[in-house]
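Participant: Would you mind keeping the following structure in view while I ask a few things?
The values are calculated or read from the model by the stated rules, or taken from the named source; none is laboratory data. These numbers come from a predicted model, not from an experiment. Every residue, glycine among them, receives a Cβ derived from its backbone with ideal geometry; neighbour counts consider all protein chains shown. Heads up: the accessible areas ignore ligands, DNA and RNA and are worked out on the full protein's heavy atoms, side chains in. Shrake-Rupley method; radii C 1.70, N 1.55, O 1.52, S 1.80 Å.
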Amino acid sequence: MSHGPSHAPRQPAPGGGPWTGRPVPRVEDDRLLRGNGRYVDDVALPGAAEAAFLRSPHAHARIRSVDVTAALAAPGVVAVWTGADVAHLPAMLNKEELRTPPGLAELLDPYVAITPMPLLATDRVLYVGQPVAVVLAENRYLAEDALELVDVRYAPLPVLVDPDRALAEDAPLLHDELRDNTAVAVATKVGDPDAAFASAHAVVSEEFQAHRYVASPIETRAVSAQVDPYSGELTVWSNTQTPHRVREATAHTLGLDPERVRVIATDVGGGFGQKGILYVEEMLVPYAARVLGRPVLWREDRNENLTASSHAREQIHRIELAADAQGHLLAVRDRITVNFGAYNMTGLVVPYNSVCHLLGPYRVPHVDIDVVGVLTNTTFATPYRGAGRPETVFAMERAMDRLAAELGIEPAELRARNLVGPDEMPYATGLVDRSGKPQSYDSGDFPELLRRAVAKADLEGVRARQREGARDGRLVGIGFAMYIEATGLGPFETARIDIAPSGRVKLAIGAPSQGQGHRTSMAQIAADAIGVPFDAVDVVGGDTSATPFGVGTIASRALVNAGNATHRAGRLVREKIIEAAARRLGVPADGLDLREGVIRSKAAEGPALTLAELAGRAPLPGTPEPTDGRHGTELSETVHFRPPGFAVSSGAHAAVVEVDEHTGETEILHYVAVHDAGVIVNPMIAEGQVTGGIAQGIGGALYEEMIYGPDGQPRTGTYMDYLVPTSSEIPDLDLDEIHSPSPMNDLGVKGLGEGGAIAPQAVLANAVEDALRPFGVVVRRGPLSPSRVRDLLRAAGRPTAAR
Amino acid sequence: MTTDLATPDPAAATRAAAPPLAEPSGWHEIRLTVDGASVTAQVESRLLLSDFLRDRLGLTGTHVGCEHGVCGACTVLLDGEPARSCLTLAVQCEGAELRTVEGLAPGDAPLTPVQRAFHECHGMQCGFCTPGFVMTATALTEQPQRPDAADVADALSGHLCRCTGYRNIRRAVCQALDERFAGGPAGRGE
Ligand code: FES
Ligand code: FES
């Protein structure tokens with residue numbers, strides 16, 4: 001990344017010091033490079049039985065009968081359970097995610113359907129891949145052999161794949177306890193949108209569709225569990241992003257005290273949201289370990305991951321923009337439909353994110369948005385990197401380009417005319433944010449983001465090339481898209497710091513890492529806050545026994561929440577250290593300083609004390625032996641950081657593409673991303689996060705799609721059909737950044753884990769449409785695979801290569 | 001590693017009544033070297049090499065991401081050539097010389113130039129795909145002549161990484177090749 005002149009004062013960070021802002025190499029790497037990672041499937045559990053799940057082959061069917069006799073008799077089989085065997089366990093419900101924040105409930109009164117998911121289907125299956133039975137055997141090979149012997153008879157029922165169809169009056173009801181197939185519904189209004197539309201100079205009205213694609217971490221999901229025969233404590237290893245939530249849910253399911261359950265997420269091979277929800281397998285594996293009295297392991301295969309772990313992104317936007325003759329936005333209206341799949345797993349999270357990120361960086365006086373989530377016979381859809389934002393940005397940014405075309409204004413110029421300015425911060429949009437407070441953008445400089453993106457992408461140069469015409473049927477196009485991202489979702493995160501007798505700093509945080517490098521960045525923050533060397537800090541994340549409370553690493557929140565909790569805990573421990581040293585040395589505390597792990601007098605001369613000497617057992621010469629009774633110099637602090645509001649990141653992306661008119665292939669010639677995530681703790685890690693996010697966005701824009709047939713059968717269940725981009729498809733990116741520190745937290749940081757993934761679909765669709773402008777093509781959905789581009793060209797009357 | 005670890009003790013098998021007796025496929029004795037140690041083991045006909053390494057030998061550095069030959073996470077060096085251990089049966093490895101990520105820099109040995117390059121270029125995030133990339137890159141550095149850009153691109157396109165966006169992986173491989181073929185750490189291949 002270019003670390004060129006930065007816009008806002010870059011460093012030192014508001015709460016920073018010598019380590020914050022430096023590209024400190026990761027401490028995680030050495031272990032991982034030697035093959036010493038510890039992912040769930042690497043934890044040796046001698047004597048473990050392995051689980052395999054029998055999954056529904058039908059999208060919608062009644063279960064008439066299940067016969068496990070033959071499976072039970074198969075070699076190596078320990079147990080076979082069906083829905084009836086576990087019906088006494090409560091159905092699974094992610095109460096945290098389904099909760100409507102009070103402010104939101106009061107102001108908008110959203111509807112949220114509650115659809116608990118049975119651990120194994122009993123009478124009905126609602127999507128292909130739903131767990132129907134579980135086989136426990138001596139190993140996975142034998143378990144899968146026995147799966148084939150479980151005899152389930154189904155009576156197929158009518159299948160709903162299309163969300164519009166699922167809302168029809170006569171549609172079959174997927175959940176008997178509901179009045180219809182609505183999963184969530186919420187509407188919001190600002191100003192007088194109808195009047196604004198009536199008086200507008202120009203109105204564009206379009207239907208855009210964000211297509212379904214998936215997180216696809218390279219490590220599939222896995223859970224193992226063991227009851228410690230000594231303590232009776234249940235230990236669960238899960239590659240979850242939210243270990244404390246898994247602990248609560250598992251304890252609830254099994255009727256245990258949460259304190260008797262320990263959930264550990266050590267190394268996690270990528271999550272991207274897919275591992276941030278609860279799954280029935282996560283409940284059943286610990287259950288099996290308890291019932292069987294031996295460890296149990298389940299590791300998902302890729303086909304299961306693609307078809308039966310959560311999906312994402314499928315939305316329809318019927319969007320309208322109203323503008324004056326100069327292109328100033330007067331009003332936005334959007335009717336959003338979100339395909340939820342078979343269960344409502346995460347409530348308002350995705351749909352409401354789509355609502356409150358639709359306006360992005362633009363000033364829009366009148367707004368009318370409603371969103372409805374719909375239950376269908378497809379795999380449940382939940383947050384995936386961006387969580388409702390890439391979808392809504394796709395709709396808004398495509399609509400901006402259509403408006404630009406309508407008015408004959410350069411799309412980048414149209415954007416520039418509508419941006420909220422840096423002098424307007426904090427900016428209130430008039431909407432309500434996800435936590436139920438009036439939505440406010442805390443800081444940012446959107447015009448500068450766009451200015452840089454336009455310059456780097458060489459808009460003028462591209463227009464000049466376009467005037468020269470296509471070369472060998474290859475058409476050049478340029479596209480832009482901008483976004484804002486409310487990051488640092490609460491309610492809180494926890495950090496606990498202890499100074500060990502050796503003087504080493506032990507930091508435990510509630511948020512685990514799935515590759516974000518917390519062991520490095522959190523150690524940088526702690527080192528600065530306390531005044532110790534970076535390598536004196538050991539970080540533990542993702543072990544519920546290390547912190548009593550925690551939320552997790554989801555929603556671009558870890559750095560903001562866990563980072564600031566760490567910072568505060570570090571400052572408090574620092575005070576305690578200095579006070580203890582003052583007592584020990586018999587000098588006033590305000591005369592002491594702590595730097596690089598040494599406490600010394602601020603005056604040039606004077607006694608010095610290392611942390612090890614202060615915290616260690618060995619008393620200094622002349623200090624009294626420990627006396628009986630309370631001493632009270634424990635060098636430890638636990639802090640829960642509750643963010644007062646969202647830290648709003650932002651970005652402008654641009655892409656220059658070449659589309660081959662004959663083959664339909666799109667080549668990215670230049671991809672520019674300018675982002676603003678406030679103060680950067682570790683620029684190397686930050687750049688990696690942004691790059692990885694963009695790569696996933698490019699995948700979604702051009703290659704990846706989870707396709708269902710009308711019968712509800714997934715058609716992309718392997719990596720042969722579901723195309724994750726390789727190194728050959730992802731170009732080097734041209735990155736730039738500005739830094740508008742967040743006033744919402746001491747460190748001035750904002751989240752950036754998801755940001756990169758938000759704009760690429762919109763940018764590339766805009767660029768491809770721009771390239772095909774001579775033919776009047778309008779792009780309404782992705783991915784822009786060669787065959788879809790050829791379809792667009794054929795529809796526009798252009799001959800293309802045969803299919 | 002000792003041969004005993006990998007060979008089921010028939011008496012123990014009887015006690016556990018577990019995988020060996022239950023296994024419906026045939027059993028074979030194989031001899032091979034793994035990271036320089038010789039191994040003799042009884043394996044089922046259908047046992048995948050990836051499972052043999054991970055479950056029988058405890059070499060969990062080799063990861064399984066898809067079990068159908070696309071992601072490359074399971075790549076090991078089989079007689080010096082990158083091979084997908086999820087598409088290879090353990091019985092096929094009779095007499096073979098296998099190398100896994102654990103064998104590159106055993107114990108506290110300094111990281112190899114390839115491993116070091118992945119660290120220095122931040123060519124990894126979650127680390128799950130990394131051993132596969134590292135083994136393929138190691139094979140590239142062991143060729144007699146520097147592979148050209150197309151060969152490198154070809155080799156890398158056999159691996160999926162969902163975290164990094166690949167740029168830093170390309171830089172890492174380039175750095176390792178520069179170091180190997182130019183006789184010292186050269187530019188970072190940007
Ligand atoms: S696990 Fe072997 S190629 Fe994916
Ligand atoms: S580093 Fe996570 S998949 Fe490559």
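Participant: In the set A:ARG798, A:ARG773, A:ARG794, A:ARG781, which member is within 26 Å of A:VAL350 (Cβ to Cβ) and open to solvent by 50 Å² or more (accessible area, probe 1.4 Å)?
Facilitator: Only one candidate passes the filter, namely A:ARG781.
Participant: Which residue is nearest to the other protein chains (Cβ to nearest Cβ), if the candidates are limited to region B:142-157 and must be surrounded by fewer than 19 Cβ atoms within 10 Å (Cβ to Cβ) and in contact with a helix residue (DSSP H, G or I) (Cβ under 8 Å, 6 or more places away or on another chain)?
Facilitator: Among residues in region B:142-157 that are surrounded by fewer than 19 Cβ atoms within 10 Å (Cβ to Cβ) and in contact with a helix residue (DSSP H, G or I) (Cβ under 8 Å, 6 or more places away or on another chain), the one nearest to the other protein chains (Cβ to nearest Cβ) is B:ASP151.
Participant: Moving on. Test each condition in (1) in a loop (DSSP other than H, G, I, E, B); (2) touching a strand residue (DSSP E or B) at 6+ places or on another chain (Cβ under 9 Å); (3) of a type in the set (A, V, I, L, M); (4) within 23 Å of A:ALA308 (Cβ to Cβ) for A:LEU89 and report the one that comes out false.
Facilitator: Against the list (1) in a loop (DSSP other than H, G, I, E, B); (2) touching a strand residue (DSSP E or B) at 6+ places or on another chain (Cβ under 9 Å); (3) of a type in the set (A, V, I, L, M); (4) within 23 Å of A:ALA308 (Cβ to Cβ), A:LEU89 comes up short only on (2).
Participant: Only one of these conditions is not met by B:PRO110: (1) over 26 Å from B:THR40 (Cα atoms); (2) more than 9 Å from chain A (Cβ to nearest Cβ); (3) open to solvent by 10 Å² or more (accessible area, probe 1.4 Å); (4) touching a residue at least 40 places away in the same chain (Cβ under 8 Å). Which number is it?
Facilitator: Among (1) over 26 Å from B:THR40 (Cα atoms); (2) more than 9 Å from chain A (Cβ to nearest Cβ); (3) open to solvent by 10 Å² or more (accessible area, probe 1.4 Å); (4) touching a residue at least 40 places away in the same chain (Cβ under 8 Å), the lone unmet condition for B:PRO110 is (4).
Participant: Quick one: would you say B:THR130 is among the polar types (S, T, N, Q), under 18 Å from the mean Cα position of the chain (by Cα) and more than 9 Å from chain A (Cβ to nearest Cβ)?
Facilitator: So B:THR130 does not fit the description; no.
Participant: While we're looking at this one, here's another question. Considering only region A:249-266, state which residues are β-branched (Val, Ile, Thr) and not in a loop (DSSP other than H, G, I, E, B).
Facilitator: First pass over region A:249-266, keeping only residues β-branched (Val, Ile, Thr): A:250, A:253, A:261, A:263-264, A:266.
A:THR250, A:THR253, A:VAL261, A:VAL263, A:ILE264, listed by residue number.
Participant: Within the bounds of region B:173-188, is there any residue that is touching a Gly at 6+ places or on another chain (Cβ under 9 Å) and either open to solvent by 50 Å² or more (accessible area, probe 1.4 Å) or within 8 Å of chain A (Cβ to nearest Cβ) (or both)?
Facilitator: no
Participant: Wholly within region A:180-245, which strands (runs of 3 or more DSSP E) include no fewer than the required count, namely at least 1 residues that are among the hydrophobic types (A, V, I, L, M, F, W, C) and closer than 26 Å to A:VAL551 by Cβ? Write out each step before concluding.
Facilitator: Values: elements: A:182-190, A:202-210, A:222-227, A:234-238.
In region A:180-245, the matching strands (runs of 3 or more DSSP E) lie at A:182-190, A:222-227, A:234-238.
Participant: Also, I was wondering about something else. Would you please name the residue that is farthest from the other protein chains (Cβ to nearest Cβ), looking only at residues in region B:42-73 that are in a strand (DSSP E or B) and surrounded by fewer than 24 Cβ atoms within 10 Å (Cβ to Cβ)? Working first, answer last.
Facilitator: Let us first name the residues in region B:42-73 that are in a strand (DSSP E or B), namely B:42-44, B:48.
Cutting the leftovers down to surrounded by fewer than 24 Cβ atoms within 10 Å (Cβ to Cβ) gives us B:42, B:44, B:48.
On the way: B:GLN42: 15, B:GLU44: 8, B:LEU48: 9 Å.
Applying the filter and picking the extreme gives B:GLN42.
Participant: What number goes with the only condition from (1) of a type outside the set (D, E, K, R); (2) closer than 22 Å to A:GLN516 by Cβ; (3) facing chain A (nearest Cβ under 9 Å); (4) open to solvent by less than 30 Å² (accessible area, probe 1.4 Å) that B:THR100 does not pass?
Facilitator: Only one criterion in (1) of a type outside the set (D, E, K, R); (2) closer than 22 Å to A:GLN516 by Cβ; (3) facing chain A (nearest Cβ under 9 Å); (4) open to solvent by less than 30 Å² (accessible area, probe 1.4 Å) is unmet by B:THR100, namely (2).
Participant: Got a sec? Which of A:GLU320, A:GLU282 is open to solvent by 10 Å² or more (accessible area, probe 1.4 Å) and out of contact with any Leu (no Cβ under 9 Å at 6 or more places or on another chain)?
Facilitator: A:GLU320
Participant: Taking the stated definitions as given, is A:ALA155 more than 14 Å from chain B (Cβ to nearest Cβ), assigned to a strand (DSSP E or B) and open to solvent by 20 Å² or more (accessible area, probe 1.4 Å)? Even if it seems obvious, please write down each step before you answer.
Facilitator: On the way: more than 14 Å from chain B (Cβ to nearest Cβ): yes; assigned to a strand (DSSP E or B): yes; open to solvent by 20 Å² or more (accessible area, probe 1.4 Å): yes.
Yes; evaluated as a whole, the condition is true for this residue.
Participant: Among the residues of region A:520-547, write down those that are out of contact with any helix residue (DSSP H, G or I) (no Cβ under 8 Å at 6 or more places or on another chain) and aliphatic (A, V, I, L, M).
Facilitator: Of everything in region A:520-547, those that are out of contact with any helix residue (DSSP H, G or I) (no Cβ under 8 Å at 6 or more places or on another chain) and aliphatic (A, V, I, L, M) turn out to be A:VAL540, A:ALA546.
Participant: Also: Got a sec? Which of B:GLN92, B:GLN115 is open to solvent by 40 Å² or more (accessible area, probe 1.4 Å) and either within 16 Å of ligand 2 (Cβ to nearest atom) or more than 23 Å from A:VAL27 (Cβ to Cβ) (or both)?
Facilitator: Only one candidate qualifies: B:GLN92.
Participant: Do any strands (runs of 3 or more DSSP E) lying entirely in region A:290-389 carry at least 3 residues that are charged (D, E, K, R), and which ones are they?
Facilitator: Those strands (runs of 3 or more DSSP E) span A:329-341.
Participant: Just to be sure I understand, how many residues within region A:44-57 are open to solvent by less than 30 Å² (accessible area, probe 1.4 Å) and either within 14 Å of chain B (Cβ to nearest Cβ) or within 14 Å of A:TYR287 (Cα to Cα) (or both)?
Facilitator: 6
Participant: Among (1) in a loop (DSSP other than H, G, I, E, B); (2) at pLDDT 95 or above, there is one condition A:VAL657 misses while meeting the rest; what is its number?
Facilitator: Tallying (1) in a loop (DSSP other than H, G, I, E, B); (2) at pLDDT 95 or above, A:VAL657 fails exactly one: (1).
Participant: Sticking with this structure for a sec: Does A:ARG788 satisfy being in contact with a strand residue (DSSP E or B) (Cβ under 7 Å, 6 or more places away or on another chain), farther than 25 Å from A:GLY515 by Cα and either within 16 Å of ligand 2 (Cβ to nearest atom) or of a type in the set (Lys, Arg) (or both)?
Facilitator: no
Participant: Just checking, how many residues over region A:108-152 are within 14 Å of chain B (Cβ to nearest Cβ), aliphatic (A, V, I, L, M) and open to solvent by 50 Å² or more (accessible area, probe 1.4 Å)?
Facilitator: Of the residues in that region, 1 qualify.
Participant: Still on this structure, I have one more. Among the residues of region A:718-729, is any away from ligand 2 (no atom under 16 Å from the Cβ) and open to solvent by less than 10 Å² (accessible area, probe 1.4 Å)?
Facilitator: No: zero hits.
Participant: Also, quick follow-up: Just to be sure I understand the filter: pairs with C-beta atoms under 7 Å, separated by 6 or more residues or on different chains, first member in region A:512-523 and free of Cβ contacts under 8 Å to residues at least 40 places away in the same chain, second member assigned to a helix (DSSP H, G or I) and hydroxyl-bearing (Ser, Thr, Tyr). Which pairs pass?
Facilitator: Matching pairs, first to second residue: none at all.
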